[in-house]
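The values are calculated or read from the model by the stated rules, or taken from the named source; none is laboratory data. What you are looking at is a predicted structure, and each value in this text was computed from that prediction instead of being measured. Because the Cβ atoms are built from the backbone with ideal geometry, glycine has one as well, and the counts that use them run over all protein chains shown.
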Amino acid sequence: MQLDIHVPRFTWPGGPEAIGPTFASLAQTAEAVGVRTLSVMDHWFQMDMMWPAEEPMLEGYTALSFAAAKTERLRFRLLVGGVTYRHPGLLAKTITTLDVLSGGRAELGLGAAWYEREHRGLGVPFPPLSERYERLKETLQICFQMWSDDNGPYQGRHYQLAETLCSPRPVSTPRPRVLIGGGGERKTLRLVAQYADACNIIGDVATVARKVEVLRRHCDDVGRDPGEIEVTALIGVAEDADRDTILREVEALAAVGTQAIVVRSTGPEPSKWLEETWGPVVPALAGVG
C-alpha cells in the first residue's frame, strides 16, 4: 500500500510569509518519511463548504513546481485539476514543464470541475456538467496526442488545435501518469477505464468496494485490464489516530482493491503530524495488500 499526502489548506501560523517555508518543510518531511506523492487542490478560492472562501489558496501548478524544487524523489499532482481552468494545450505543456524540471515526477490529475463560485468570481466560463464531461474527454485526448509522436491537428467539438507540438517531450515514459478524480459511476469511472492509470475514490470501505466493482465492469466493456488502473482512496484520519487504528482501516481498504491511500494535511503543524502520525505507519504499509 502506498501513502500519498494531499494538502487542501494553507492556513498555517505566521501568515503569508510562512506559507513558503511551511510548505517546503512539509514536502521535504513527506519525502523523508516515505510518502510517494504530494498533491494540492486546483482552486482559486478555499472551498466554502469546508472553510471560509477567504482563507489562503495557492495556484496548484505553481505550488507543485516550488515543492519539486525542494525535493528529489517525491511525485506531484493536482487532486484534481479542473478541466475548465486551463486550455488543454496549455495544460499538457504545464504538466510537461513540471515533469521535465522535476526529472519525471509529474502526474496529471483531472476532473470535471465543480466550484461555480470561483469561476463566477474570477470570470471563468462554467458550462453545464454534461459539457464539462465532453471537455474532460477531449482534454484527455489532446494531452495523449501532445505526448505522442503525432504533432498534427486535433479537431473536437469544443477544442480545435492546428498542431499539437510539445517540445521538449515529457521525461516520464511513455508519458506522465493520468489520474481521473471522482466516483461517478456512469461517466467518470468509464473515462477512468478508457484513459486513466489511476482513479481516486472518496468514501468508506463499502463505497470504495462498490466503485471498484463498477470500474471493473467498465473495463470489461472497453476491453481494458482493470489491473492496469491503480485505485487510490481519499480517507479521513484523525490528527491523533494511532498506528493500529490506521492499519486496520488500510487493511480493510486493501481487501476491496485499494492500492494507495491519500490522507489530508489540514492541521497547523503538518511536518510534525507527518513525523509523529505517519512516520511509524509507513514501514508497515509495505506489507499491506
Which listed residue, of SER130, SER148, SER172, is under 19 Å from PHE76 (Cα atoms) and under 23 Å from the mean Cα position of the chain (by Cα) = SER172
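Please count how many residues of region 30-44 are under 19 Å from the mean Cα position of the chain (by Cα) and either β-branched (Val, Ile, Thr) or more than 15 Å from LEU78 (Cα to Cα) (or both).
From region 30-44, those under 19 Å from the mean Cα position of the chain (by Cα) are 30-31, 34-44; that's our starting set.
Restricting the remaining residues to those that are either β-branched (Val, Ile, Thr) or more than 15 Å from LEU78 (Cα to Cα) (or both) gives 30-31, 34-35, 37, 40.
Number satisfying all stated conditions: 6.
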Tell me, yes or no, whether region 62-72 has at least one residue that is among the basic types (Lys, Arg) and either farther than 24 Å from ARG135 by Cβ or under 17 Å from the mean Cα position of the chain (by Cα) (or both).
-> yes
Of the residues in region 96-134, those that are in contact with a helix residue (DSSP H, G or I) (Cβ under 8 Å, 6 or more places away or on another chain), under 21 Å from PHE66 (Cβ atoms), in a strand (DSSP E or B) and small (Gly, Ala, Ser) come to ALA106
Is one or more of the residues making up region 196-208 of a type in the set (S, T, N, Q), touching a helix residue (DSSP H, G or I) at 6+ places or on another chain (Cβ under 7 Å) and modelled with pLDDT of 95 or more?
-> no
Which residues, counting only those in region 201-238, are exposed (fewer than 13 other Cβ atoms within 10 Å of the Cβ) and either under 12 Å from THR258 (Cβ atoms) or under 20 Å from the mean Cα position of the chain (by Cα) (or both)?
-> GLY227, GLU228, GLY236
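Considering only region 48-95, state which residues are of a type in the set (A, V, I, L, M, F, W, C), closer than 26 Å to GLU138 by Cβ and not in a helix (DSSP H, G or I). Walk me through how you get there before you give the answer.
To start, the set of residues in region 48-95 that are of a type in the set (A, V, I, L, M, F, W, C) comprises 49-51, 53, 57-58, 63-64, 66-69, 74, 76, 78-80, 83, 90-92, 95.
Going one step further and asking which of them are closer than 26 Å to GLU138 by Cβ, we end up with 64, 76, 78-80, 83, 90-92, 95.
Matches in region 48-95: PHE76, LEU78, LEU79, VAL80, VAL83.
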Go through the residues of region 135-152 one by one and say whether even a single one is in contact (Cβ under 8 Å) with a residue 40 or more places away in the chain and either in contact with an Asp or Glu (Cβ under 7 Å, 6 or more places away or on another chain) or part of a strand (DSSP E or B) (or both).
-> no
Unmet criterion (only one of (1) in a helix (DSSP H, G or I); (2) in contact (Cβ under 8 Å) with a residue 12 or more places away in the chain; (3) surrounded by fewer than 18 Cβ atoms within 10 Å (Cβ to Cβ)) for ALA241 | (1)
Can you spot a residue in region 208-228 that is part of a loop (DSSP other than H, G, I, E, B) and either in contact with a Pro (Cβ under 9 Å, 6 or more places away or on another chain) or β-branched (Val, Ile, Thr) (or both)?
-> no
Tell me which residues, restricted to region 60-82, are more than 12 Å from VAL40 (Cβ to Cβ) and buried (at least 24 other Cβ atoms within 10 Å of the Cβ).
-> GLY82
Residue among ARG175, ARG169 that alone is closer than 30 Å to GLY203 by Cα and among the basic types (Lys, Arg) | ARG175
Which one is surrounded by the fewest Cβ atoms within 10 Å (Cβ to Cβ), of the residues in region 31-59 that are in contact with a strand residue (DSSP E or B) (Cβ under 6 Å, 6 or more places away or on another chain) and polar (S, T, N, Q)?
-> THR37
Do we have VAL263 as surrounded by fewer than 18 Cβ atoms within 10 Å (Cβ to Cβ), out of contact with any Pro (no Cβ under 6 Å at 6 or more places or on another chain) and outside any helix (DSSP H, G or I) here?
-> no
Considering region 192-207, residues that are assigned to a loop (DSSP other than H, G, I, E, B) and of a type in the set (Gly, Ala, Ser), and then whichever is nearest to ALA254 (Cα to Cα), we arrive at GLY203
Exactly one of GLY181, GLY152 is of a type outside the set (A, V, I, L, M, F, W, C) and surrounded by fewer than 22 Cβ atoms within 10 Å (Cβ to Cβ), and that residue is GLY152
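Can you tell me which of LYS137, LYS93 is among the charged types (D, E, K, R), within 18 Å of TYR61 (Cα to Cα) and either touching a Leu at 6+ places or on another chain (Cβ under 7 Å) or surrounded by fewer than 20 Cβ atoms within 10 Å (Cβ to Cβ) (or both)? Lay out the reasoning, then the answer.
Details: LYS137 fails: within 18 Å of TYR61 (Cα to Cα).
Being among the charged types (D, E, K, R), within 18 Å of TYR61 (Cα to Cα) and either touching a Leu at 6+ places or on another chain (Cβ under 7 Å) or surrounded by fewer than 20 Cβ atoms within 10 Å (Cβ to Cβ) (or both) holds for just one of LYS137, LYS93, which is LYS93.
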